[in-house]
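Here the structure comes first, spelled out in structure tokens, and everything after it is commentary.
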Amino acid sequence: MTDSLGHLIGGAEIATDPVHDSINPSDTNDIVARYADGDAVDVDAAVAAAKAAQPAWASASPELRSDVLDRVSQIIFARKDELGRLLSREEGKTLPEGTGEVLRAARIFRYFSGEALRRHGQALESTRPGLDVTTHREALGVIGLITPWNFPIAIPAWKSAPALAFGNTVVLKPAGPTPAIAHALGKIIDEALVACGAPAGVFNLVLGPGRVGAAIAAHRDVAAVSFTGSQGVGAQVANTAVARQARVQLEMGGKNPLVVLDDTDLEKAVACALDGAFFATGQRCTASSRIIVTKGIYAEFARLLAERADALRVGDALSPDTQIGPAVSADQLEQNLRYVGIARDQGGKVTAGGDAVTAATPGYYMRPTVISDTSIDMRINVEEVFGPVASLVVANDYEEALDFANRGDFGLSAGICTTSLVHARDFRKRIKAGMVMVNLPTAGVDYHVPFGGTKGSSYGPREQGFAAVEFYTQMKTCYVGS
């Protein structure tokens, strides 16, 4: 039976006529859920509920907020298999990847259940005798969250958990292709809120197309907006929110370089590239999408990577034999294949994959693709593809490789594979990226440390871990005289 999903507003599910289908990308005959077509009226209702609940939520004991987040974590842990299967069925990650993402969401809520108790300030000596000065962090109010489809439970978790931990209330708009797993998370949060005696309306979810996100960004009662998605949409969100002086946080993708030097452990470097470029179907903003290899090992590295990519098994996300699941949608598959064609036309050589795959069930399958002999200024090395496509660039030496890695408008994640401590240390200092990996894939980050990039990849304070308090609270300085 196909679920029919409504908005979650004020602690209740709002029944609406479902007009959109969430399709299983591994089997397009399988409709995962049908969901509502939200609009500005629904956003108004959700923001009103969040605004009404926020004073009591912010002024309650931090122990209440901690208890709620801890209960959310416990429920997710208990339902990890069910949720992991739903995520993989809806988004296309393999079942181990989907279950792993669910566990990540559980751990994020558990982490922020502790942070709810650690919202601290400072006591300072005044320059004037007889005065005390203290600083305090306070909630902002209603937070609008606009999340993508590629991590459809982890990203809503890492945005909503700190927002709630620090006394804010939330209106979440999840991505169109993956409403069911986000809706499941919302129901769990509501269940935990009720169980702990929290106010109705602390968490709200509005389903629907891009106009829902636009309405959230424009709403005068939304104090801050956190967005993850494309640069184009991020710019629209920022322009709308900043125009009314709302706080904005943007994460907008990457074109992440992996530099491989002649002195590397070749097997380790190929493994890093294979993981970073192709796992999760390459649908990670931190994916190793351009691989820059020095000329001494370029030919052998390119041969091995193409060989290993060809050996990866593509198929149904729920099959235990599958290593690479489908693209999330027909549009995404078309974009992947279009960029392969562009790379070919500009002189790149496809040495593995490059085409769609016919499987036992109709789905959006594509073979992992390696494009060798590209130049650094080709479109395949400049624009984000967001699929299982890796391009190879040859560099004469470390300095040229570093120069190539620093080109472009993105600066999210960057990696280097080398046995040289000198080069590893230098790369850490000089690479223009928010996150640096040494002898590791560019994708794969911890949930308790800051996440974010430079240049066009990010805007505003960092996400996740101890850094999250910077975005989700505001500082108040208090002077007390006798």
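The values are calculated or read from the model by the stated rules, or taken from the named source; none is laboratory data. Remember, it's a predicted structure, so these values are computed and weren't measured experimentally. Backbone-built Cβ (ideal geometry, glycine too); neighbour counts: all protein chains shown. Ligands, DNA and RNA are stripped out before the accessible areas are found, and what is left, the full protein with its side chains, is counted by its heavy atoms. Shrake-Rupley method; radii C 1.70, N 1.55, O 1.52, S 1.80 Å.
A few comments on the model shown:
- Per-residue ³J(HN,Hα) for the range 161-176, Karplus 6.51 cos²θ - 1.76 cosθ + 1.60, θ = phi - 60°, Hz, x for Gly and Pro: 4, x, 4, 6, 4, 9, x, 8, 10, 10, 10, 10, 10, x, 5, x
- Per atom type, the range 365-473 shows carbon and sulfur on 52% of its accessible surface, probed at 1.4 Å.
- Peptides ranked, highest mean first, by Cβ atoms within 10 Å: ranges 277-289, 194-206: 277-289, 194-206
- Antiparallel content of DSSP bridges confined to the chain, in %, to 5: 40 percent
- Stretchable slack from residue 2 to residue 479, in nm (0.36 nm times residue separation minus alpha-carbon distance): 165.9 nm
- Bridging of residue 432 to aspartates and glutamates at a Cα separation below 13 Å is possible for 403, 409, once same-chain residues fewer than 8 apart are set aside.
- Across the range 295-301, computed HN-Hα scalar couplings (Karplus, 6.51 cos²θ - 1.76 cosθ + 1.60, θ = phi - 60°) run 5, x, 10, 4, 4, 5, 4 Hz from first to last residue, x flagging Gly and Pro.
- Separation of the alpha carbons by more than 19 angstrom is noted, of 268/455; 80/187; 93/255; 173/455; 159/476, for 268/455; 93/255; 173/455; 159/476.
- Summarising the label geometry, the points placed 7 Å from Cα in the beta-carbon direction at residue 37 and residue 321 lie 4.2 nm from one another.
- Rounded, prolate or oblate (a/c below 1.5 giving rounded, otherwise prolate when a/b exceeds b/c) for the range 170-218 by Cα gyration tensor: oblate
- If R0 is 41 Å, the Cβ-Cβ spacing of residue 138 and residue 425 corresponds to a FRET efficiency of close to 0.50.
- Rounded to the nearest Hz, the phi-derived 3J(HN,Hα) couplings of the range 80-87 under the Karplus curve 6.51 cos²θ - 1.76 cosθ + 1.60 (θ = phi - 60°) are 4, 5, 4, 5, x, 5, 4, 4, where x marks glycine and proline.
- The chain, helix-only ellipticity at 222 nm - DSSP H runs n ≥ 4, -39,500 (n - 2.57), divided by all residues, nearest 500: -12500 deg cm²/dmol
- Across the range 358-482, Cα pairs under 8 Å and at least six residues apart give a relative contact order of 17 percent.
- C-alpha long axis of helix 40-59 to longest principal axis of the chain, angle in °: 60 degrees
- Qualifying trypsin sites (Lys or Arg not before Pro) in the range 288-396, DSSP loop, other Cβ atoms within 10 Å at most 16: 295, 313
- For residue 295 and residue 345, the FRET efficiency from 1/(1 + (r/R0)^6), where r spans their Cβ atoms and R0 equals 25 Å, is about 0.50.
- FRET E, pair residue 399, residue 310, Förster distance 45 Å, beta-carbon r, rounded to 0.05: 0.85
- Residue separation of residue 244 and residue 85 scaled by 0.36 nm, minus their Cα-Cα distance, works out to 53.1 nm of gained length.
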